[in-house]
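Structure, as structure tokens:
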Amino acid sequence: AFYGCSSLTQITIPSSVTAIGECAFGRCSSLKQFIIPPFITEIGDSLFNLCKSLPQIIIPSTITVIGRGAFYGCESFTQITIPSSITAIKYQTFARCEALKQVTIPSSVTEIESNAFYGCSSLTQITIPSSIKSIGFYAFSKCQSLTQITIPSSIKLIENYAFSDCRSLTQITIPSSVTEIQQSAFYFCLSLK
């Protein structure tokens with residue numbers, strides 16, 4: 001609907017709106033403010049893709065699904081709180097949010113899909129709750145400020161390249177629950193001791 005409106009800085013959506021389609025505000029690179037209407041239950045795929053100027057967004061507890069690539073390339077985000085109504089962090093949801101320093105993942109989340117936090121180069125720490133069953137491929141790849149991580153005992157599988165190119169990662173704790181660490185999971189973790 002507003003895809004590529006690169007000069008759009010602000011928009012007010014009325015409370016009568018109950019659905020917003022995929023990519024609706026994708027590439028609105030000047031958008032600085034957005035309030036999610038109260039009757040929206042889903043953030044669609046790529047909804048805010050490459051909204052580079054958007055400094056933050058409050059995700060209300062009415063949201064039950066955050067789509068694939070919903071916040072991909074929102075490089076001004078510094079922090080995000082995921083509500084307990086969310087059960088999965090999908091493919092590329094927060095990928096390339098380069099200023100993102102802090103993320104709170106609730107215990108309602110059971111899956112971190114592939115590329116979920118790929119290229120979040122300012123992310124220094126993240127707590128993975130014990131509800132998570134698997135960490136998808138490239139999930140935290142290129143999180144180059146991440147220094148340490150503790151994998152909870154609920155995890156059985158760490159997929160391909162999950163923590164690859166995390167160059168500041170010095171320490172990782174892997175519990176005995178993990179039965180498989182796939183190819184190149186910690187590839188190019190140059191500081192790992």
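Details
- Complete set of residues in the range 163-193 that are of a type in the set (Val, Ile, Thr), more than 18 Å from residue 125 (Cβ to Cβ) and either open to solvent by less than 80 Å² (accessible area, probe 1.4 Å) or in contact with a Ser or Thr (Cβ under 7 Å, 6 or more places away or on another chain) (or both): 178
- Leading residue by the ranking (most open to solvent (accessible area, probe 1.4 Å)) among those in the range 97-111 that are more than 17 Å from residue 65 (Cα to Cα) and assigned to a loop (DSSP other than H, G, I, E, B): 101
- Condition met for residue 46 (assigned to a loop (DSSP other than H, G, I, E, B), among the small types (Gly, Ala, Ser), closer than 17 Å to residue 7 by Cβ and at pLDDT 95 or above): no
- Residue 158 passes every criterion in (1) touching a residue at least 40 places away in the same chain (Cβ under 8 Å); (2) crowded, with 23+ Cβ neighbours inside 10 Å apart from (1).
- Some residue of the range 122-129 being part of a strand (DSSP E or B), surrounded by 14 or more Cβ atoms within 10 Å (Cβ to Cβ) and among the β-branched types (Val, Ile, Thr): no
- Some residue of the range 27-38 being touching a Phe, Trp or Tyr at 6+ places or on another chain (Cβ under 7 Å), part of a loop (DSSP other than H, G, I, E, B), open to solvent by 70 Å² or more (accessible area, probe 1.4 Å) and modelled with pLDDT under 95: no
- Taken together, the criteria exclude residue 77 from residues that are hydrophobic (A, V, I, L, M, F, W, C) and either part of a strand (DSSP E or B) or at pLDDT 95 or above (or both).
- Across the range 133-150, the number of residues qualifying as buried (at least 19 other Cβ atoms within 10 Å of the Cβ), part of a loop (DSSP other than H, G, I, E, B) and out of contact with any Cys (no Cβ under 7 Å at 6 or more places or on another chain) comes to 6.
- In the range 54-75, the residues that are farther than 19 Å from residue 19 by Cα, open to solvent by less than 40 Å² (accessible area, probe 1.4 Å) and in contact with a Ser or Thr (Cβ under 8 Å, 6 or more places away or on another chain): 54
- Scan the range 134-151 for residues that are within 15 Å of the chain's Cα centre (by Cα), farther than 14 Å from residue 94 by Cα and of a type in the set (A, V, I, L, M) and the total you get is 2.
- Residue in the range 77-96 that is surrounded by fewer than 16 Cβ atoms within 10 Å (Cβ to Cβ), out of contact with any Ser or Thr (no Cβ under 7 Å at 6 or more places or on another chain) and among the polar types (S, T, N, Q) present: yes
The values are calculated or read from the model by the stated rules, or taken from the named source; none is laboratory data. From a predicted model like this one, the values you see are computed outputs, not experimental measurements. When we count neighbours, we look across all protein chains shown, and the Cβ atoms used for this are built from the backbone with ideal geometry, even at glycine. Surface accessibility is based on the protein's heavy atoms, side chains included, excluding ligands, DNA and RNA. Shrake-Rupley method; radii C 1.70, N 1.55, O 1.52, S 1.80 Å.
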